[in-house]
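Shown next, in structure tokens, is the structure this report addresses.
The values are calculated or read from the model by the stated rules, or taken from the named source; none is laboratory data. Because the structure is a prediction, the values reported are computed rather than measured. Counting neighbours? That spans all protein chains shown, and the Cβs are built from the backbone with ideal geometry, glycine included. Remember, those area values only see protein heavy atoms, side chains included, never the ligands or the DNA or RNA. Shrake-Rupley method; radii C 1.70, N 1.55, O 1.52, S 1.80 Å.
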Amino acid sequence: MGSHKGGRAKRGRFMWARWILIVVLCGGGVVIALCVPIIGFSLLADGVEEMGAASALSDRGRHTIGTVQDTRAESSGPGSGVDHYMLVGFAAPDGGRHDVWVSGEKDVGDAARVLYDPRDPEVAITGSVTGKRVDGIVHIIGGAIMSIGVLIGYAVGGWSRLRSGRPRGAHGIT
């Protein structure tokens with residue numbers, strides 16, 4: 001009988017560690033489950049903004065020549081490509097001087113042809129409106145998959161588990 005109590009006490013001593021592990025694992029899963037749709041909705045909003053900017057540039061955009069003032073290259077991480085950006089300064093017909101970061105790969109001091117929105121000169125590109133639209137569409141599709149698609153996946157998975165009546169495990173986890 002004494003050994004039985006000792007065994008139970010030993011198991012009880014480490015029960016808190018098991019619960020901490022369960023909470024940490026479930027909490028990590030919840031964080032990931034919430035982050036993916038949040039990132040997706042951000043991409044979706046970015047895509048809608050890009051499409052709006054492309055439409056504004058297509059409808060009322062004006063061309064001018066600017067000067068590259070600075071450059072930078074960014075990478076999303078190992079194995080990904082490098083994106084090149086340049087800070088282009090230009091003068092709008094209203095006399096205002098504007099500096100915008102745009103995609104492109106030129107040297108400091110080079111001239112760059114800029115298409116900008118006269119109502120909002122900070123909306124500017126050195127590429128094509130079609131390229132801006134393609135970027136917007138890619139962001140919208142990616143954002144929809146990451147946000148709406150993942151949320152639907154969660155709902156369908158939960159619904160199928162409820163309909164099948166499968167238990168979740170001894171502690172309700174798995």
Self-check item: Given charges at Cβ of Lys, Arg, Asp, Glu: region 93-159 dipole, positive-most of Ile137, Ile152, Ala111
Solution: Ile152
Quiz item: Expressed as a whole percentage, what fraction of the accessible surface of region 1-136 belongs to carbon and sulfur atoms when a 1.4 Å probe is rolled over the protein heavy atoms?
Solution: 60
Practice problem: Report the residues of region 90-131 in range of a label on Asp59: point 7 Å along Cα→C-beta, backbone N strictly under 13 Å from it. | Solution: 117-120
Practice problem: Would you please give the FRET efficiency between Val134 and Val156, computed as 1/(1 + (r/R0)^6) with r the Cβ-Cβ distance and R0 = 30 Å, to the nearest 0.05? | Solution: 0.45
Quiz item: Once both labels are modelled 7 Å past Cα along the beta-carbon direction, what's the Arg163-Trp101 spacing in nm?
Solution: 4.7
Quiz prompt | Test item: Cα-centred dipole of region 32-173, Lys/Arg +1 and Asp/Glu -1 on Cβ, debye | solution = 960
Quiz prompt | For region 49-174, accessible area per residue (1.4 Å probe, heavy atoms of protein chains only), Å² | solution = 63
Exercise. Note the angle between two axes, namely the Cα long axis of helix 150-164 and the longest principal axis of the Cα atoms of the chain, as a number of degrees from 0 to 90, rounded to the nearest 10.
Key: 20
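Evaluate E = 1/(1 + (r/R0)^6) for Tyr85 and Met15, where r is the Cβ-Cβ distance and R0 equals 45 Å; express this FRET efficiency to the nearest 0.05.
0.25
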Quiz item: So what is the calculated 222 nm ellipticity per residue for the chain, using -39500 (n - 2.57) for each DSSP H run with n of 4 or more, over all residues, to the nearest 500 deg cm²/dmol?
Solution: -18500 deg cm²/dmol
Quiz item: Any idea what diffusion coefficient the chain gets from Stokes-Einstein, in µm²/s, Kirkwood Rh on alpha carbon pairs, 37 °C, 0.692 mPa s?
Solution: 157
